[in-house]
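The values are calculated or read from the model by the stated rules, or taken from the named source; none is laboratory data. As the structure is a prediction and not an experimental result, all values here were calculated from the model. Neighbour counts run over all protein chains shown; Cβ positions are idealised from the backbone, glycine included. Side chains included, ligands, DNA and RNA excluded: accessible areas come from the protein's heavy atoms. Shrake-Rupley method; radii C 1.70, N 1.55, O 1.52, S 1.80 Å.
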Amino acid sequence: MVGELEPDRSQMRISDADRHSVSEILREAAGEGRLDMDELDERLAATYAARTYADLVPITQDLPAARPTQAPLPQPAAGLASRYESSVAVMSGASRKGVWEVGPSYSAFCVMGGVDVDLREAVFASPQVEITANTLMGGIDIIVNAQTRVIVEGAGVMGTFEQARDKVEPQLTADSPVVRVRGVALMGAVTVVRKG
């Protein structure tokens, strides 16, 4: 309509996905030592209490990865997957599953928590993905489908770093993507499993 004012996008209501994006940024910042545990708890509480994009601004304003506090961007066309490059869990859990894009490298890190990286529906941007999986007293589970070739090269230190028994038979071809998993499980476990 001619003359209609565009609403202030910073006052638009946020979704659970927006809150989850901010919580991921906070957990990554804690994993990097930018936030201590008390600050992380305070900011997570503020994130889940936030109602609008403007409410999120002070929560991530002093962090380098502060991106979801902007007005919402147009959603990608149906069928296009968002790319993610890491999962971090510090005394908590993180899960990446469904349709998403994984690039040539991905990192998973947890301390006294759990991370699930489900690649069964992931869109591979390159024929080989290197996942760096490091855990301290936590667990990282990486799930692949029957068509994915897996190379596990990590080390367990008073812990386990392994490819578990396949739940489905491998169906590998010359075009199968390769997932190479490296890292260290210190008093924890990194497990790669093939499922249907």
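Where the accessible area of the chain is counted over protein heavy atoms with a 1.4 Å probe, how much of it, in %, is carbon and sulfur? Reported share for carbon and sulfur atoms: 52 percent.
Treating each Cα of the range 103-196 as one equal point scatterer and applying the Debye formula with no solvent, the log10 of I(q)/I(0) at q = 0.17, 0.24, 0.25, 0.26 Å⁻¹ comes out as -0.66, -1.20, -1.28, -1.35. Sorting T160, T173, T60 by solvent-accessible area of protein heavy atoms yields T173, T160, T60, largest first, with a 1.4 Å probe. Taking only the C-alpha atoms of the chain, the Rg (one decimal) and the largest Cα-Cα distance, Dmax (whole number), read 18.9, 68 Å.
For E101 and D36, the FRET efficiency from 1/(1 + (r/R0)^6), where r spans their Cβ atoms and R0 equals 45 Å, is about 0.85. When only DSSP loop residues count, what trypsin sites (Lys or Arg not before Pro) in the range 144-196 have their Cβ near at most 10 other Cβ atoms within 10 Å? The qualifying sites are R165.
In the context of the full set of protein chains, residues of the chain present 56 Å² of accessible surface per residue (probe radius 1.4 Å, heavy atoms only). Spacing of the modelled spin labels on A174 and V193, each 7 Å from Cα toward Cβ, amounts to 3.4 nm. Its relative contact order, with pairs defined as Cα atoms under 8 Å and 6+ residues apart, puts the chain at 16 percent. Which net charge results when you count Lys and Arg as +1 and Asp and Glu as -1 among the other residues whose beta-carbon is under 10 Å from that of F161? Taking every other residue near F161 into account, the sum is -1.
Our analysis of the range 154-196 gives Rg over Rh at 1.07, with the two radii drawn from alpha carbon positions and Rh computed by the Kirkwood formula.
Computed from point charges on the beta carbon alone (+1 for Lys and Arg, -1 for Asp and Glu), the dipole magnitude for the chain about its Cα centre is near 580 Debye.
One chain, two ends: S126 and D166. Fully extended at 0.36 nm per residue, the span grows by 12.0 nm beyond their Cα-Cα distance. Grab the beta carbon distance between R149 and S82, set R0 = 22 Å, and tell me the FRET efficiency rounded to 0.05. E between R149 and S82, to the nearest 0.05, is 0.35.
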